[in-house]
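The values are calculated or read from the model by the stated rules, or taken from the named source; none is laboratory data. What you see is a predicted model, and the numbers here were worked out from it, not measured in a lab. With ideal geometry, Cβ positions are generated from the backbone for all residues, glycine too; neighbour counts draw on all protein chains shown. SASA here: full protein model, heavy atoms, side chains in, ligands and nucleic acids out. Shrake-Rupley method; radii C 1.70, N 1.55, O 1.52, S 1.80 Å.
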Amino acid sequence: MVEGPSGYWLSIESVSEADKQIAKNSPVLTSHANVANVYPESLGYRIKRVLLGKPYVTEQLSGERLNRAIALGVLAPDCISSSAYGTEQILTQMTPYIGLAAFAMVVPIMFVIIGVLFVVTTSYLDVIKYYTTAGGSYVVARDNFGPKIAQIAAVALLIDYIVTVAVQCSAGTAALTSAVPGLVHYTLWITIAIVVILIYGNLRGLREAGSYFALPTYFYILMLSSTIIIGYYKKFTGTLHMIPQPLNSALVQGHLGQKGSGLLMGLAFITLMRAYANGGSSLTGLEAISNGVASFRRPESPNARKTLVWMASILAFLLLGTTLIASWTHALPYAIGTPTVVSQEVLDIFGSHGLGHYIFYVVQLATVLILYTGGNTSFNGFPFLANYVATDKYLPRQLTKRGHRLAFSNGILLLGAVSLTLIIVFNAQVNGLIALYAIGVFTGFTLAGAGMVARHLRERSGRWRFGVAMNAVSASVTAVVVLVFLVAKFKEGAWIIALVGPLMYVALIRLNKQYVREDKAFEAVSGRFATMRIRMNRVVIFVDNYDLATERALLYCVSLNAYSLRAVHFDIDPIVTKRLERSWGSPGTASANITLETVECDDRRVDRAALELVADVVRDPEVFCMVILPRRGFVSRLQRLLHDRTADAIAGAVMHVPRTAATIVPYRAVRKRLAEGDVQESPVGDEVVRGGLREDAHLEADLKLAERSSGAAPIGGLLERQHVEIAGRVRAMAINHEGEGHELRCVIADNTGSVTLVFQGRSNIPGIERGTRLLVRGTVTSLRREAVILNPQYEIVAAPPSDE
């Protein structure tokens with residue numbers, strides 16, 4: 001009697017004679033196969049494991065959510081670190097033309113930039129209110145304008161992430177060489193090394209969550225804020241001095257301009273726009289909170305919005321502070337980018353002697369750390385964005401695959417390669433790279449604002465009029481900024497973005513069209529190619545010589561019970577052909593009752609000859625052809641070089657013939673070392689060696705299970721009809737609908753073996769899912785030649801982790 005959803009019912013399970021025989025004579029096979037000798041780990045994987053460490057299991061994707069304090073430190077480095085070079089980038093455009101008068105212009109320009117910061121922040125507060133999943137402006141554009149328009153945001157953000165790595169790491173090296181001038185000649189190599197370290201660290205699975213990445217942010221905020229506050233104090237007490245002017249040859253463009261007349265003091269309007277565009281790069285990274293809303297503790301939206309307000313306020317304070325102190329001290333930018341304007345301010349405020357000199361190095365250390373950490377934020381954002389775009393079928397699907405340590409390895413490698421190229425081309429100079437910066441992120445700002453306008457106009461709920469007005473202003477202002485960037489910085493490098501951006505967009509659209517065509521061609525629709533008019537199966541086996549691999553493949557062919565069986569040899573070498581004919585048909589072999597067919601192959605293209613022969617076999621529309629290919633398995637890579645891969649070539653060719661399938665039947669040998677020291681290779685037997693041990697994950701749930709199940713028996717050692725208590729993890733689940741009833745089948749495994757739990761009359765058990773840790777009691781039996789425990793008692797020890 002079995003309890004079902006509608007009461008009790010009688011279950012009669014027929015037991016085959018094979019099951020009865022297993023029950024009488026054999027232990028059940030629950031232990032894992034020992035594949036270490038048959039298929040050892042490749043050299044490449046062993047090297048990867050040494051370099052990257054033990055692989056993470058998929059279950060470890062569920063991480064802890066961030067509180068507001070940690071989230072600010074984790075998500076803000078890219079944004080807040082721009083205060084280290086924002087003011088300097090404005091000055092680089094003006095000092096060669098109007099000299100020291102630039103310090104009178106830099107403050108108004110910075111106020112305009114802070115105004116844009118306020119507008120964009122207000123817009124993103126609205127975005128975060130409605131969109132609590134990662135993706136930022138890409139998701140907003142996709143939701144409101146469709147996937148094709150969203151690809152504009154995708155291209156813009158992908159470019160921005162790439163340039164961010166180059167700019168942040170180059171700026172970090174500039175801050176480092178400002179503290180240690182002797183390293184100036186190694187700027188390029190230091191920057192390259194930092195990017196390589198970031199690539200390596202992220203491939204190892206560095207997570208953006210955690211206080212580890214928050215420390216540099218708060219360290220920098222503390223040190224630079226202290227510098228600004230002390231600078232204000234010295235200014236108001238009259239103890240803040242101007243910095244001595246360096247040689248003109250060391251300055252940007254090798255000279256210092258002179259003040260002119262008029263409102264702009266002689267500064268050309270286009271130069272003013274270039275200065276504004278450079279300063280606008282200070283707002284990059286503002287979208288980081290929106291992209292990381294899903295990582296906040298619940299309620300996500302309110303927590304993320306408060307964090308965004310704090311981040312924008314801190315950025316505004318730091319930008320305004322460094323700008324005002326620069327205008328008071330006349331810290332001029334240098335042509336080689338070092339010493340930086342901020343480093344000059346710090347040295348002027350704290351002095352170059354005694355304790356002040358040590359404080360200078362501490363502030364520079366904080367600046368270096370946050371700039372490099374800001375570069376690392378792109379290694380979190382780019383792979384995830386590429387994953388979203390690839391999931392929407394606008395980028396190659398390889399970008400959706402997680403690697404050895406659960407990171408999107410292909411995205412990390414792609415980002416690293418392109419950013420390294422930029423760094424090398426621009427010689428790690430921030431002044432050159434800055435022209436490529438900000439266009440992408442401001443395009444994202446524009447699409448986010450426009451998307452929210454469309455949403456409010458469509459839904460018209462709540463304070464929708466205010467939402468429309470606020471986001472329309474943000475979209476308009478940021479669109480104007482993008483145009484200013486393109487026009488003002490066109491000759492300095494913005495032309496690269498203007499050229500590459502549209503090309504990338506066209507490429508994404510074409511990739512999507514290809515994926516759509518493929519999906520449409522292979523779509524399984526009821527009634528469309530649902531049946532095959534196959535009345536007979538013909539088997540063709542291609543043989544080259546007669547050995548154990550061929551013998552094994554022939555035995556497999558006989559077991560298929562096909563309508564016809566043809567053994568075909570292509571005559572390329574008459575000597576080989578005659579040797580095969582002499583060996584064929586010997587009594588007691590699988591070839592004794594099979595006719596060998598020798599076919600000429602004049603041009604020696606075996607794969608082409610095989611394709612033509614198979615195509616002739618399936619001329620009858622009711623015939624399906626199974627191609628069998630014997631192949632020797634190789635022990636070492638040297639053997640692969642010593643033998644060709646004819647079987648693979650034939651399989652690749654015949655796959656183009658309709659109603660055809662190719663099966664490679666391998667026969668491997670293992671290498672053994674004899675007592676005399678000689679090496680011998682012996683064929684592998686049919687038996688799969690048991691007793692293999694699988695690696696434990698040692699997650700929190702596993703430790704809890706181990707503590708609860710100290711007396712449990714190892715699954716790999718179970719015996720027939722044994723009442724056992726076992727513990728393990730649910731690895732697989734299936735619902736069997738055979739017959740009138742149904743049953744839930746769960747495979748539970750530990751590091752020694754696995755066994756199937758069968759819950760008859762059940763299709764779902766609350767709490768049991770893949771990843772659940774169970775303590776199980778029941779009797780082991782054999783069902784359909786499989787070890788099972790029918791209707792066991794169970795205890796849920798630990799549920800799989802989730803983000804709930």
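A few points about this structure:
- Those trypsin sites (Lys or Arg not before Pro) in region 764-804 that DSSP places in a loop and that have at most 16 other beta carbons within 10 Å: 770, 784, 785
- Per residue value of the accessible surface for the chain (all protein chains in place, 1.4 Å probe), Å²: 49 Å²
- Surface composition of the chain: carbon plus sulfur atoms hold 59% of the accessible area, using a 1.4 angstrom probe and ignoring ligands, DNA and RNA.
- For region 220-234 and region 292-368, distance of Cα centres in Å: 9 Å
- Degrees between helix 495-522 axis and first principal axis of the chain (Cα, 0 to 90, nearest 10): 20 degrees
- The long axis of helix 147-179 is offset from the longest Cα principal axis of the chain by roughly 60 degrees.
- Computed from the alpha carbon atoms alone, the convex hull of region 369-486 holds 165 Å³ per residue.
- Computed over the chain, relative contact order equals 18 percent, with contacts defined as Cα pairs under 8 Å that lie 6+ residues apart.
- Highest to lowest packing among 610-623, 158-171, 538-551, 379-392, scored as the average C-beta count within 10 Å: 158-171, 379-392, 538-551, 610-623
- Here the 3J(HN,Hα) profile of region 419-427, calculated from phi with Karplus coefficients 6.51, -1.76 and 1.60 at θ = phi - 60°, is 5, 4, 4, 4, 4, 5, 4, 9, 6 Hz, Gly and Pro shown as x.
- The alpha carbon centroids of region 735-804 and region 539-578 are separated by 44 Å.
- Over 32 Å (Cα to Cα) - which of 235/259; 148/401; 234/489; 48/704 fall in this group: 234/489
- Globularity index of the chain, i.e. its alpha-carbon radius of gyration over 2.2 N^0.38 Å: 1.24
- Coil-residue trypsin sites (Lys or Arg not before Pro) of region 443-495, DSSP, other Cβ within 10 Å capped at 15: 460, 463
- Protection proxy ranking of 301-313, 76-88, by the mean of other Cβ atoms within 10 Å over each peptide's residues and highest first, is 76-88, 301-313.
- Axis angle, to the nearest 10 degrees, between helix 187-203 and the longest C-alpha principal axis of the chain: 40 degrees.
- The base-10 log of I(q)/I(0) for region 460-582, evaluated at q = 0.10, 0.12, 0.17 Å⁻¹, reads -0.72, -0.82, -1.02 [Debye formula, identical scatterers on Cα atoms, solvent excluded].
- Based on alpha-carbon atoms, the Kirkwood radius and the radius of gyration of region 104-223 give Rg/Rh equal to 1.03.
- Restricting the calculation to Cα atoms, every distinct pair contributes to the Kirkwood radius of region 370-433, found to be 12.7 Å.
- Expressed in Å, the radius of gyration and Dmax of the Cα atoms of region 271-375 are 17.0, 50.
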